[in-house]
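The values are calculated or read from the model by the stated rules, or taken from the named source; none is laboratory data. Model, not experiment: these values are computed from the prediction. Heads up, the Cβs are rebuilt from the backbone with ideal geometry, glycines too, and the neighbour counts pull from every protein chain shown.
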Amino acid sequence: MTNDSFETQALACFDNGFNCAQAVLRAFAKESGLDEISALKVTGGFGAGMGRLQSICGVLTATFMVIGCHYGKLRKDDSDAKEKTYALVQTAAEKFRAVHGYINCRELLGCDMNTDEGKKIIEDQNFHVTKCHGYVRTACRIIDELIYNKETKS
């Protein structure tokens, strides 16, 4: 599948009411050995920086999950898999930070989505499209680069 297809799938899922983490993991579910229902369920609490805690961005948590599906440790003595997974997670976070400046939802959005004022800003400025679409795209491109070794457009 092409990177554009992953991005298109992720954005369509996100635009259909699923959170950002659900959108990203669902787009990569088949290639990650998951069925779509499991991908949607397991990421259900990770949107908005982990259940609106506004911590690590949901697209990054989904990115980390995709990395784990591909490289995660399966045996207690497989320290190589553990180290590779951790290194790729750190690389993914740094690549995301290099593009967007932050990895935490609160800083990425620049407001507190748990306040009435923050909710109004998010709605009035259509952050779903104006900000979060870009985060979804970046996550898909990072996954494509790190897992499928494809250079992607910026």
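Checking each residue in segment 4-18 for being out of contact with any Phe, Trp or Tyr (no Cβ under 7 Å at 6 or more places or on another chain) and either within 14 Å of R137 (Cα to Cα) or aromatic (F, W, Y) (or both) picks out D4, S5, E7, T8, Q9, A10, L11, A12, C13, F14, D15, F18.
The residues in segment 12-32 that are out of contact with any helix residue (DSSP H, G or I) (no Cβ under 6 Å at 6 or more places or on another chain) and either farther than 29 Å from D116 by Cβ or not small (G, A, S) (or both) can be counted, and the count is 6. One residue stands out in segment 105-145 among those that are of a type in the set (A, V, I, L, M, F, W, C) and touching a Lys or Arg at 6+ places or on another chain (Cβ under 8 Å): the one that is surrounded by the fewest Cβ atoms within 10 Å (Cβ to Cβ), namely M113.
Taken over segment 62-91, the criterion of being among the aromatic types (F, W, Y) and under 15 Å from the mean Cα position of the chain (by Cα) is satisfied by F64 alone.
Note on segment 33-47: among residues that are of a type in the set (A, V, I, L, M) and in contact with a helix residue (DSSP H, G or I) (Cβ under 8 Å, 6 or more places away or on another chain), the one that is surrounded by the fewest Cβ atoms within 10 Å (Cβ to Cβ) is V42.
Quick check on K95: is it among the basic types (K, R), touching a helix residue (DSSP H, G or I) at 6+ places or on another chain (Cβ under 7 Å), in contact (Cβ under 8 Å) with a residue 24 or more places away in the chain and surrounded by 12 or more Cβ atoms within 10 Å (Cβ to Cβ)? Taking the combined requirement at face value, the residue satisfies it. On inspection, Q9 fails the criterion of being in a loop (DSSP other than H, G, I, E, B), touching a helix residue (DSSP H, G or I) at 6+ places or on another chain (Cβ under 9 Å) and under 23 Å from H133 (Cβ atoms). Pairs are defined by a Cβ separation below 6 Å, a sequence spacing of at least 6 or placement on different chains, a first member in segment 112-129 that is closer than 18 Å to N19 by Cα, and a second member that is of a type in the set (D, E) and modelled with pLDDT of 95 or more; the pairs so defined are G118/D112. For residues that are small (G, A, S) and in contact (Cβ under 8 Å) with a residue 12 or more places away in the chain, scanning just segment 46-88, find the one that is farthest from G118 (Cα to Cα). The qualifying residue farthest from G118 (Cα to Cα) is G72.
Assess whether A23 counts as being closer than 19 Å to Y148 by Cβ, surrounded by 20 or more Cβ atoms within 10 Å (Cβ to Cβ) and touching a Cys at 6+ places or on another chain (Cβ under 6 Å). For A23, the condition - closer than 19 Å to Y148 by Cβ, surrounded by 20 or more Cβ atoms within 10 Å (Cβ to Cβ) and touching a Cys at 6+ places or on another chain (Cβ under 6 Å) - is met.
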